Structures are given as C-alpha cells and as structure tokens.
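First the structure, in the form of structure tokens, and then the observations on it.
Here, each number is a calculation from the coordinates, and none is a lab measurement. Please read these numbers as outputs of a predicted model, since none were measured by experiment. Don't worry about glycine lacking a Cβ; one is built from the backbone with ideal geometry, like all the others, and counts go over all protein chains shown.
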Amino acid sequence: MNFDRRAELGEFLRSRRARLRPEKFGLTSYGRQRRVPGLRREELAQLASRRAS
C-alpha cells in the first residue's frame, strides 16, 4: 500500500472514530478534556476484543 493510500485510510478511520462517544458504549470517560474527539484506538480495540498496535 503506498503512502497516499495509507494516509487516506488513516484519515478515514480517524473520522469514523471521532463520531463515536465513549459514553454511548458504556466506557468511562476520565477527565473533562480528551486529546482526540470520539473513541481512542485503545477503546475501539477494547470494544472489538483486540489489542491496539
């Protein structure tokens, strides 16, 4: 996969994760401010029963 396709895929995945809120899936949101909108990679992996890497 070339660099442009990887960047495009990364942007797509980030945009989809940004639409999801931890509270909607029963995950605890620690603190008020998050560095990224929506679910973190680790939270998404937890919901999918996978490791984030």
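A few comments on the model shown:
- Principal-axis tilt of helix 3-18 within the chain, Cα atoms, nearest 10 degrees: 20 degrees
- Taken about its Cα centre, the chain carries a charge dipole of about 120 debye when Lys and Arg each add +1 at the Cβ and Asp and Glu each add -1 at the Cβ.
- Estimated from helical segments only, the mean residue ellipticity of the chain at 222 nm is -13500 deg cm²/dmol, where each DSSP H run of four or more residues counts as -39500 (n - 2.57).
- Correct option for percent of Cα pairs over 16 Å apart [calculated from the coordinates] among (i) 43; (ii) 48; (iii) 60: (ii)
- Charge tally around Arg17: other residues with Cβ under 12 Å, Lys/Arg +1 each, Asp/Glu -1 each, net +4.
- Where trypsin sites (Lys or Arg not before Pro) in DSSP loops with at most 13 other Cβ within 10 Å are excluded, longest remaining stretch of the chain: 1-18
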